[in-house]
Each structure stands twice: as structure tokens, then as C-alpha cells.
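One structure is given below, encoded as C-alpha cells.
The values are calculated or read from the model by the stated rules, or taken from the named source; none is laboratory data. Keep in mind it's a predicted model, so treat the numbers as computed, not measured. We place every Cβ from the backbone using ideal geometry, glycine too, and count neighbours over all the protein chains shown. Heads up: the accessible areas ignore ligands, DNA and RNA and are worked out on the full protein's heavy atoms, side chains in. Shrake-Rupley method; radii C 1.70, N 1.55, O 1.52, S 1.80 Å.
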Amino acid sequence: MIRVLDIIEDTMVDGPGFRTAIYCAGCRHQCAGCHNPQSWAFDVGRDMTVEQLMQVIVADPFANVTFTGGDPMYQAAAFAELARAIHRDTNKDIWCFTGFTYESLIQPEQRELLSQLDVLVDGPYVQRLRDPDLLFRGSSNQRLIDVQASLYAGEVVLWQSPI
């Protein structure tokens, strides 16, 4: 089960192109100036199965997927299961927003989810580093990381926009 706060279909702000954004409940980072503080509580929203979420995801054949929140890394095992299903049953890419840094996620607890992602937007939102001109992130400390290239290289490789 994944504790889901909301699902936004055909969004264009949580990664490139049209995306199905799954907003999970729960975040302990509680960044000052967070645009989604209603997602901090772990007991809001509703529980959904991977199968229920896959029905929403496959219903739109043109939208890729974004995990956001809250922070999906607090539900890493369940999101890893969903990510495996997405890769098994679709050609969609997966982006994930987290307040953790990439380097802190190379632990067994979150590593499985990390290994299933295409792009990770990492790091806490820092209000004094806010920059509205940044692509797909709110503050300049946050990085757009090409996860598969980073795992292969053994170091962070930044995602490059094809545009």
C-alpha cells in the first residue's frame, strides 16, 4: 500500500511533458516555504494498492510518471514495487522528488527505489535559495540527477534537458 494524498494527471510542472504525478503523504523535512505543507502528515490521504495506481497510470498512454509528495522515500519499498510495475508494463519514465540527497539514498532502505528511477530531483527546498527560473525545482541546491547514468558512473551525473 502507498499512502496517497493526491494524483494529478497531465501535469507539466513535475518533469518534462505530460505526467501523472502521484503525491504521497508524509514528509519529515518540513522545509520552510514548502509549496505543499499539507503533505507533511503521514495520516492524510488514502491508501492505494500498486494495482489501483497502475490503473490510473496506464489509462493515459502519453503521460510519464512522477513520484512526489510529501517524500516518496519514506515509503520507498512500496514505491519501488510501483516503479517495477511501471517498467514492466509500460514505456514510461519515472521522476522522483525528494528532500534527501542522492548520496544519502545509497543505502539498502532506499536503494531499490533509487535503482528504478530515471531522474531524481534531490535535496531539501531552501527558501533563501529560491529561484523561480530553475527548471523543475524550487531552490538552487536541488539537482536534477540522471539516476541510471549516476549508478553506472559511481558518481552524480546531472540530467540534461533534451530541449
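Measuring from centroid to centroid over Cα atoms, what is the spacing of region 1-56 and region 91-163 in Å?
Here the two parts' Cα centres lie 17 Å apart.
Using the Cα centre of the chain as the reference point, and only Cβ charges (+1 on K/R, -1 on D/E), how large is the resulting charge dipole? Debye, rounded to the nearest 20.
Approximately 260 debye in magnitude.
Let me check against my output: what whole-number percent is the relative contact order of region 45-122, with C-alpha pairs under 8 Å and at least 6 apart?
Normalised by residue count, the contact order of region 45-122 is 33 percent.
How much accessible area per residue does the chain have, counting only protein heavy atoms and a probe of 1.4 Å, in square angstrom?
51 Å²
Could you tell me which of rounded, prolate or oblate describes region 10-83, using a ≥ b ≥ c as the square roots of the eigenvalues of the alpha-carbon gyration tensor, with rounded for a/c under 1.5 and, failing that, prolate when a/b is larger than b/c and oblate otherwise?
Verdict is oblate for region 10-83.
What number comes out for the charge environment of T20, summing +1 per Lys or Arg and -1 per Asp or Glu over other residues with Cβ under 13 Å away?
Charge balance near T20 sits at -4.
Could you tally the net charge around A77, taking each other residue with its Cβ under 9 Å from the Cβ of A77, Lys/Arg +1 and Asp/Glu -1?
Here the count lands on -3.
Tell me the chymotrypsin sites (Phe, Trp or Tyr not before Pro) within region 28-75 that lie in a loop according to DSSP and have at most 11 other beta-carbon atoms within 10 Å.
Qualifying residues, ordered by number: F62.
Where in region 55-75 is the amide nitrogen less than 13 Å from a point lying 7 Å along the Cα-to-Cβ axis of V13?
Under cut-off, by backbone N: 69.
Would you mind working out the magnitude of the charge dipole of region 23-86 relative to its Cα centre, with +1 at each Lys and Arg C-beta and -1 at each Asp and Glu C-beta, to the nearest 20 Debye?
For region 23-86, the charge dipole is close to 120 debye.
What is the percent carbon and sulfur in the accessible area of region 5-163, measuring with a 1.4 Å probe over the protein chains and ignoring ligands?
About 52 percent, which is the carbon plus sulfur part of the accessible surface.
Based on the alpha-carbon gyration tensor of region 1-158 and its eigenvalue square roots a ≥ b ≥ c, which shape applies: rounded if a/c is under 1.5, prolate if not and a/b is larger than b/c, or oblate?
rounded
So what's the net charge close to D146: Lys and Arg +1, Asp and Glu -1, counting the other residues with Cβ under 14 Å from its Cβ?
-3
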